[in-house]
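Asks: Structure incoming, see below.
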Amino acid sequence: MGKIVAANWKMNLRRQSGCELASALKNDGRDCWLFPAYPHLALVHDALIGGALKLGAQDVSPEEDGAFTGDVSAEMLADAGCTLVLVGHSERRHGHGEHGATLLLKLKRALRAGLKPVYCVGETLAERKDGKAREVVTEHLATLIELAAPDRNELAAVAYEPVWAIGTGETATPEQAGEMHAFIRGELAKHGMKSLPILYGGSVKPENARDLMTQPNVDGVLVGGASLELESLRAIDDVAREM
Ligand code: 13P
């Protein structure tokens, strides 16, 4: 049935380049998930009309509409045409100090607005070296488990993104990814989320996409840098479609 390819464009691209990428992918008949920056969401949404791609935001406010300067609410994202949202990306956890209670609120706001969260987890290099990778991932997953059982079924995916592999060019080996994905699958299964897709993220490129996606519990990839170029994103998606 193919694997999932999600493109996190982070704070990159412009209206024109984002829309051109989106249109080209739509014209190819692809069904990737795209996460543009806030100012590009509505335009990319329009570029995707009639296609099978899904649109998501990179973050969401934990608050409802109101006096929260600089924030963007879940209702606004749904109104802009999003159906997905990233929650707990490591660049939010480590760059903006977002953790459990805030992330739980974000998940709840997103779900209430009808958005399906992609919830990101992953350890730092220091935590891995200390032998704490599983402990950290378990702690991150604990936030999901605080959701009411029916809400857990509304999630889009969990993304395992080891912080040491993000934007560094250093990828987890397929074995490291496979081992952690199997662990995450077991943890999710304990809480009724057995079939929730688990994506791998961290320096995914056309050259390593196949080895990563052939791991049994890797249901797809969340791609940063390599998703900014049409050719590399196409190449990764071609691999995903063969599976
Ligand atoms: P890179 O693919 O650039 O390492 O980014 C991964 C990521 O953070 C996707 O969310």
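The values are calculated or read from the model by the stated rules, or taken from the named source; none is laboratory data. Everything numeric in this text was worked out from a predicted model, so none of it was measured. FYI the Cβ positions are ideal-geometry reconstructions off the backbone, even for glycines, and counts take in every protein chain you see.
Asks: Quick check on the stretch 92-115. Is at least one of its residues of a type in the set (Ser, Thr, Tyr), more than 30 Å from Ile49 (Cα to Cα) and part of a helix (DSSP H, G or I)?
Replies: yes
Asks: So, Glu175, is that one in a loop (DSSP other than H, G, I, E, B) and either buried (at least 23 other Cβ atoms within 10 Å of the Cβ) or modelled with pLDDT under 95 (or both) or not?
Replies: Taking the combined requirement at face value, the residue does not satisfy it.
Asks: Could you check the stretch 34-52 and list, in sequence order, the residues that are touching a Gly at 6+ places or on another chain (Cβ under 6 Å) and not in a helix (DSSP H, G or I)?
Replies: Those that are touching a Gly at 6+ places or on another chain (Cβ under 6 Å) and not in a helix (DSSP H, G or I): Phe35, Pro36.
Asks: Filter the stretch 215-225 for residues that are within 10 Å of the ligand (Cβ to nearest atom) and of a type in the set (Gly, Ala, Ser); which is surrounded by the fewest Cβ atoms within 10 Å (Cβ to Cβ)?
Replies: The qualifying residue surrounded by the fewest Cβ atoms within 10 Å (Cβ to Cβ) is Gly225.
Asks: Then there is this: Looking at the stretch 155-168, can you tell me whether even one residue there is over 27 Å from Leu21 (Cα atoms), over 16 Å from the mean Cα position of the chain (by Cα) and away from the ligand (no atom under 16 Å from the Cβ)?
Replies: No, the stretch 155-168 contains no residue that is over 27 Å from Leu21 (Cα atoms), over 16 Å from the mean Cα position of the chain (by Cα) and away from the ligand (no atom under 16 Å from the Cβ).
Asks: Sticking with this one: Going residue by residue through the stretch 64-84, is there one that turns out to be within 16 Å of the ligand (Cβ to nearest atom) and part of a strand (DSSP E or B)?
Replies: Yes: the stretch 64-84 contains one or more residues that are within 16 Å of the ligand (Cβ to nearest atom) and part of a strand (DSSP E or B).
Asks: Moving on to the next point. Return the total of residues in the stretch 80-133 being closer than 20 Å to Pro39 by Cβ, in contact with a Lys or Arg (Cβ under 9 Å, 6 or more places away or on another chain), among the aliphatic types (A, V, I, L, M) and in contact (Cβ under 8 Å) with a residue 40 or more places away in the chain.
Replies: 4
Asks: Here's another thing I want to ask about it. Would you please list the contacts, defined by Cβ atoms under 8 Å and residues six or more apart or on different chains, that run from a residue in the stretch 185-214 that is among the aliphatic types (A, V, I, L, M) and away from the ligand (no atom under 16 Å from the Cβ) to a residue that is part of a loop (DSSP other than H, G, I, E, B) and at pLDDT 95 or above?
Replies: The qualifying pairs are Leu188/Leu196; Met193/Leu155; Leu196/Leu155.
Asks: Moving on to the next point. Here is a list: His181, His140. Which entry is within 11 Å of Ile198 (Cβ to Cβ), within 16 Å of the ligand (Cβ to nearest atom) and under 18 Å from the mean Cα position of the chain (by Cα)?
Replies: On inspection, the qualifying residue turns out to be His181.
Asks: Output the qualifying pairs, or none if there are none: Cβ atoms under 7 angstrom, residues six or more apart or on different chains, first residue in the stretch 7-29 and farther than 16 Å from Leu53 by Cβ and without any contact (Cβ under 8 Å) to a residue 60 or more places away in the chain, second residue surrounded by 15 or more Cβ atoms within 10 Å (Cβ to Cβ) and not hydrophobic (A, V, I, L, M, F, W, C).
Replies: What qualifies is Arg15/His40.
Asks: Going residue by residue through the stretch 179-191, is there one that turns out to be among the charged types (D, E, K, R), part of a loop (DSSP other than H, G, I, E, B) and surrounded by fewer than 14 Cβ atoms within 10 Å (Cβ to Cβ)?
Replies: Within the stretch 179-191, not a single residue is among the charged types (D, E, K, R), part of a loop (DSSP other than H, G, I, E, B) and surrounded by fewer than 14 Cβ atoms within 10 Å (Cβ to Cβ).
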